[in-house]
Amino acid sequence: MNLSDFILKRAVMSVIVLAGLSVVIFVVARIVPGDPARLALGSTASETALETFRTENHLLEPLPVQYAYWIGGVLQGNFGLSTGTKRPVAKDILEFLPATLEMALLAALMLIVFSIAIGALAARRRNSFIDGAVRVLSYIGIALPGFVVATLLLLLFGSLWPVIPVLGRLSPGLTPPQAITGFYTIDSLIRLNLPLFWNAFLHLLVPAAALCLGGLCQEARLVRSAMIENSGRDFLTAMRGYGVPERVLAGKYLLKPSLIPAVSCMGMDVAALMSNAFLIEVIFDWPGISRYGMTAMLAKDLNAISGVILIFGAIFVIVNIIVDIVVAWLDPRIRLGGA
Amino acid sequence: MTESTPALLQIEGLKLWYKVYKNRAKVLDGVDLSVAPGQKVGLVGEAGCGKTTTVKSVLGLLPRGGCEIPAGRILYEGEDILGLTEKELTRIRNSQIAMIHQEPAAALNPVFTVGEQMMDVVRYSAQGRGYGKKERREIVLGAIRDVLIPDPERIFHFYPNQLSGGMKQRICIAMAVMTERRLLIADEPGTALDVTIQSQIHAMLEEMVAQRGMALVMITHSLGVAREMTDVINIMYAGTIVESAVSAEVFAHPLHPYTQGLMEAVPRLRGGGIQAGIYGSLPDYLAPPPGCRFAPRCPRAGDRCRAEKPALADLSGHRVACFHVGTDGSAKCQ
């Protein structure tokens, strides 16, 4: 099987996964107790108004029919009206998702780059002071829950040592750049507004670092141990014996096979960044989709809940496809299905 | 080949200890080995006797810091390899000596295509330095064809796990001989394969070496293979060469008790069953016997054998390290 067949197979599978997810989300959202009409219109609404709301939103139809209405809308980008914000859910998602995505993407980038760099450095200087420090600190990083790390960082940079802004997406008084992608850093760069870019970037750093720390430590350890394990393998000794220089051995023949375990693990951690973002968003006052979703859940805002979960599900599936492709590229044994 | 030819590779009294926590596993205990240009030399001994350690030390492939060499010299064309820096060693590795590793499946990187790995071997060899990508590719494809694999273009894009064991072995041989080298070290090639493939591999290896005028160090635990393929046989036991002579001579007049035991252990077509062989096993390298390392297993061992290590004595070309062999090659009673 070549790589394109592999990608096609994965894409088809993920469509099936998403369809299943949409059914589950829909059913769960409908069977939780509470009357969505009452929640939307408030306790003072008249019985006729409630009836009208139920009829308009197809709440009196059988569940499969309701699902058909809903999924038909979703496929056209219409998640229905949010009963909380009184706006289309799609519009809310477009507004709040970029803030979370921007933070999660930077966190993912930091996770990938630093875990490989730190792991490789520790493996190369095995048993040195640096290696020892990496091993001990990474354990602490894995053991500490994200919200503790976030709170400590908030305390450090928000009060004790305010060298870097930690609250919100921009300093108070600054106007966000006109939305093109919704990412403040990218939008401000497009407008060539460098001071604004720098401000937005600094605001991103600490939340992103808090978000990725656990995964980063875990993957750094995996890269380190895989590199140490592979460095004694015959295939490296053989290549060394043919006079292939050390930098090629380390940067190519040792690195690639050593990334496989870490990349599989990274896939799960990167996908989980979105859901872990919730606490980070609360702590750093980040106006993101996770906070929006949590508000929707507390208010039983059914359309918003379904929309947010479906978006999260789609992102999770996409990240997983990407990871599968990367792993298949790294390890031919996977896409070739073994000997 | 005669003794007077200047040696290409000359190992003299090589001792090598592996670091095992605070202890030392004294694996090599004075190895003497000589290879003349174009000569085919066999290194025979049981598993764990230090054959692979010996040849890996020649290419500097043992883990630095994991072992120490308290005594001995490895001369390549008169130059002591042990004193070379990693960079100088690279020059020996990329132009003078090539090694075929024991396990072809482990010696090929599973996540790169065969072609890509071979291309890099050519690229970083002394010969391939001036070559462009196209020339390198020609060399690689030619080398795959030379080891009798049809359709080299297809194999070029294969990953190692898509090849059979025999094909992997052929690729490993191709890798070692595709650019110019003067000495080929083959560490038990074909051992993991069935006998018919194994003999094909051996025949091919002989042809390759003959065509290129390379010298060969052939490691094997099979006396039969050594007899077929080599000019000189060195019998190794527990980190020392115990007997060394022209192949036919070793078979006609084995002098060392260990060699004699090995010969007896070979089953013969004429029948009569397998003889007693050699009782016991290799010594503990952490605390090796102080005298002759074979003494604990030797039927003829005396007090002197247990206390003193016999040197490799030259009996007109047939060299043996045993107190019980007289200057005329006869067995002595002590």
>> For residue B:40, only one of the following conditions fails: (1) open to solvent by 20 Å² or more (accessible area, probe 1.4 Å); (2) within 16 Å of the chain's Cα centre (by Cα); (3) touching a residue at least 60 places away in the same chain (Cβ under 8 Å); (4) within 14 Å of chain A (Cβ to nearest Cβ). What is its number?
In response: (4)
>> I'd like to check something: does segment A:227-241 contain any residue that is at pLDDT 95 or above, within 30 Å of residue A:153 (Cβ to Cβ) and in a helix (DSSP H, G or I)?
In response: yes
> Any residue in segment A:75-85 that is at pLDDT 85 or above and out of contact with any helix residue (DSSP H, G or I) (no Cβ under 9 Å at 6 or more places or on another chain)?
Replying inline: yes
> Could you count how many residues in segment A:204-248 are closer than 15 Å to residue A:124 by Cα and crowded, with 19+ Cβ neighbours inside 10 Å?
Replying inline: 9
>> Out of the residues in segment A:292-336 meeting the condition of being among the β-branched types (Val, Ile, Thr), open to solvent by less than 30 Å² (accessible area, probe 1.4 Å) and more than 14 Å from chain B (Cβ to nearest Cβ), tell me which one is farthest from residue A:259 (Cα to Cα).
In response: A:305
> Within the set of pairs 6 or more residues apart or between chains, which connect a residue that is more than 7 Å from every other protein chain (Cβ to nearest Cβ) inside segment B:98-112 to a residue that is charged (D, E, K, R) and open to solvent by less than 10 Å² (accessible area, probe 1.4 Å) with Cβ atoms less than 7 Å apart?
Replying inline: B:100/B:187; B:102/B:187
> Taking segment B:48-60 as the search range and keeping residues that are crowded, with 20+ Cβ neighbours inside 10 Å and out of contact with any strand residue (DSSP E or B) (no Cβ under 7 Å at 6 or more places or on another chain), which one is farthest from residue B:286 (Cα to Cα)?
Replying inline: B:60
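Quick test for you: out of A:53, A:26, A:6, pick the one residue that is among the aromatic types (Phe, Trp, Tyr) and more than 26 Å from the chain's Cα centre (by Cα). Step through it out loud before you land on a result.
Details: A:26 fails: more than 26 Å from the chain's Cα centre (by Cα); A:6 fails: more than 26 Å from the chain's Cα centre (by Cα).
After ruling out the rest, the residue left standing is A:53.
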>> Within segment B:113-125, take every residue that is more than 7 Å from every other protein chain (Cβ to nearest Cβ) and either touching a Lys or Arg at 6+ places or on another chain (Cβ under 7 Å) or of a type in the set (Gly, Ala, Ser) (or both) and give me the one that is surrounded by the most Cβ atoms within 10 Å (Cβ to Cβ).
In response: B:122
> Limited to segment B:27-41, what total is found for residues that are touching a helix residue (DSSP H, G or I) at 6+ places or on another chain (Cβ under 9 Å) and assigned to a strand (DSSP E or B)?
Replying inline: 5
> Is there a residue in segment A:128-143 that is over 24 Å from residue A:278 (Cα atoms), out of contact with any Leu (no Cβ under 7 Å at 6 or more places or on another chain), not in a helix (DSSP H, G or I) and not aromatic (Phe, Trp, Tyr)?
Replying inline: yes
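Show me the helices (runs of 4 or more DSSP H) found entirely inside segment B:131-209 where at least 3 residues are open to solvent by 40 Å² or more (accessible area, probe 1.4 Å).
The qualifying helices (runs of 4 or more DSSP H) are B:133-146.
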> Conditions: (1) without any contact (Cβ under 8 Å) to a residue 12 or more places away in the chain; (2) more than 30 Å from the chain's Cα centre (by Cα). Residue A:69 meets all but one. Number of the miss?
Replying inline: (2)
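The values are calculated or read from the model by the stated rules, or taken from the named source; none is laboratory data. A quick note: this is a predicted structure, and the numbers were derived from the prediction, not measured. Counting neighbours? That spans all protein chains shown, and the Cβs are built from the backbone with ideal geometry, glycine included. When the accessible area is computed, the model is the full protein with side chains, heavy atoms only, and any ligands, DNA or RNA have been set aside. Shrake-Rupley method; radii C 1.70, N 1.55, O 1.52, S 1.80 Å.
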